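The values are calculated or read from the model by the stated rules, or taken from the named source; none is laboratory data. Bear in mind that the values here come from a model prediction, so they are computed numbers and not experimental data. Here the Cβ is made from the backbone with ideal geometry for all residues, glycine too, and neighbour counts use every protein chain on show. Protein only, heavy atoms only, side chains kept; ligands, DNA and RNA dropped before computing areas. Shrake-Rupley method; radii C 1.70, N 1.55, O 1.52, S 1.80 Å.
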Amino acid sequence: MNKHFYTVIMAGGIGSRFWPLSRQKAPKQFLDVLNSGRTLFQLTYQRFQAICPEENIFIVANKDYGALIREQIPTLKEEQILLEPLSRNTAPCIAYASHKIAAKDPDACIIVAPSDHLILSESAFIISAEKSLQFASRNDVLITLGIRPNRPDTGYGYIQFIEDLKDNDFCKVKTFTEKPDLAIAKQFVESGEFLWNAGIFIWNAKTILKAFETHLPEIASCFNFSDNLYYTDSEESQISKAYLECTSISIDYGIMEKASNVWVLPCNFGWSDIGTWNSLFELLHKDENNNAIKGKYIFTRNAKNCIINVSDDKLLAVNNVENLIIVESDNIILVADKNQEQDIRNVVNEIKSKYREKFI
């Protein structure tokens with residue numbers, strides 16, 4: 001196993017499209033949504049143990065999730081847990097982690113991944129990850145993993161690539177497109193020129209830090225401390241200051257869409273971001289009427305194509321309905337049209353506006 005290979009797992013999102021199961025106090029990455037006995041975060045961590053030394057796996061998350069991270073992966077050292085004082089999207093958290101890793105190992109090659117994705121073929125994923133890390137170790141490149149689409153999906157971003165192969169596998173990226181409408185998504189898939197954007201990135205430390213200097217110099221300056229304070233008692237206070245000063249921006253918009261040295265590796269390893277109830281529905285066992293049910297006392301009569309998730313101490317009767325999402329969590333019950341699940345995020349925003357954080 002290469003001692004210069006590192007992983008950064010981003011575990012800071014709250015998964016608002018998975019509300020009310022996913023809440024600020026326990027977002028979806030820290031839940032066992034697949035009924036596997038392990039959370040998505042634990043599954044992600046285990047996956048990367050096969051790619052880099054365990055001491056080279058770093059977690060970046062909101063400070064409120066420090067206890068959950070330590071509870072779910074008790075072997076982590078404190079220096080491997082990077083806690084953000086404020087939510088600032090993905091670019092600042094990647095800058096923080098990249099500077100900290102580079103301070104430890106200037107020759108580091110880093111793979112950055114979300115903590116809440118499902119990968120069905122872990123062996124295929126490991127091959128793609130190691131191939132990308134090797135490529136990044138030899139070249140001044142920013143790599144993203146692209147998933148070959150099997151349907152037009154409006155919930156994913158798309159990467160257009162050019163058949164300008166490097167190392168017989170990597171293609172030059174032409175454009176990024178965020179979540180198109182259905183008609184455009186169909187055109188993308190039919191053209192054969194587009195991949196889903198999995199949000200998994202690979203680069204060497206020198207290249208990503210140079211990219212920050214070029215495209216996001218204001219963020220680079222926030223984390224490029226004049227005195228090397230990483231791994232010291234002064235790191236926490238300096239990071240708090242950095243997050244107050246830096247802007248909130250995604251790595252996609254801030255760097256990947258602007259840089260000229262972006263390459264994509266087309267992949268097929270059974271990927272899903274499990275970003276919505278419908279994406280989870282596709283993965284769960286269904287009854288004879290295509291209902292995905294979790295709960296001890298659920299009675300269905302003429303109910304079809306529903307996803308139902310309630311606690312084991314409640315009886316839920318569902319009669320003469322189709323295509324519903326019915327979810328109970330603590331003091332919240334959600335009933336929504338499964339065909340309009342993208343609107344759940346708007347519901348969450350309106351509830352937050354009306355009731356503040358009480359039900360979020």
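The listed peptides 23-29, 49-55, ordered by packing as a protection proxy, come out as 23-29, 49-55 (highest mean of other Cβ atoms within 10 Å first). The loop-placed trypsin sites (Lys or Arg not before Pro) in region 77-123, going by DSSP, that have at most 13 neighbouring Cβ atoms within 10 Å of their Cβ come out as Lys77. What is region 113-163 by shape, rounded, prolate or oblate, if you read a ≥ b ≥ c off the alpha carbon gyration tensor as root eigenvalues and call it rounded for a/c under 1.5, prolate for a/b larger than b/c, and oblate otherwise? Oblate, because a/c is 1.5 or more while a/b does not exceed b/c. For region 217-232, backbone phi angles converted through the Karplus equation (6.51, -1.76, 1.60; θ = phi - 60°) give residue-by-residue couplings of x, 5, 6, 4, 5, 5, 10, 8, 5, 4, 9, 6, 9, 5, 6, 10 Hz, Gly and Pro being listed as x.
Looking at the chain, the DSSP beta bridges with both ends there are about 45 percent antiparallel. Here the convex hull built on the C-alpha positions of region 71-138 has a volume of 134 cubic angstrom per residue.
Legend: translational diffusion of region 235-315 by Stokes-Einstein, Rh = Kirkwood radius over C-alpha pairs, 4 °C, 1.567 mPa s; D = 73 µm²/s. Atom-type composition of the exposed protein surface of the chain places 47 percent of the accessible area on carbon and sulfur (1.4 angstrom probe). Pairs from the table (Lys186/Lys286; Lys294/Lys352; Lys63/Lys206; Lys28/Lys63; Lys179/Lys294; Lys28/Lys354) lying more than 18 angstrom apart at Cα are Lys186/Lys286; Lys294/Lys352; Lys63/Lys206; Lys179/Lys294; Lys28/Lys354.
Residues in the chain average 46 Å² of solvent-accessible surface per residue, probe 1.4 Å, ligands and nucleic acids excluded. Of the GluC sites (Glu not before Pro) found in region 223-317, those in coil by DSSP whose Cβ has at most 11 other Cβ atoms within 10 Å are Glu288. Per-residue ellipticity at 222 nm, computed for the chain from helices alone with -39500 (n - 2.57) per DSSP H run of at least four residues, works out to -9000 deg cm²/dmol.
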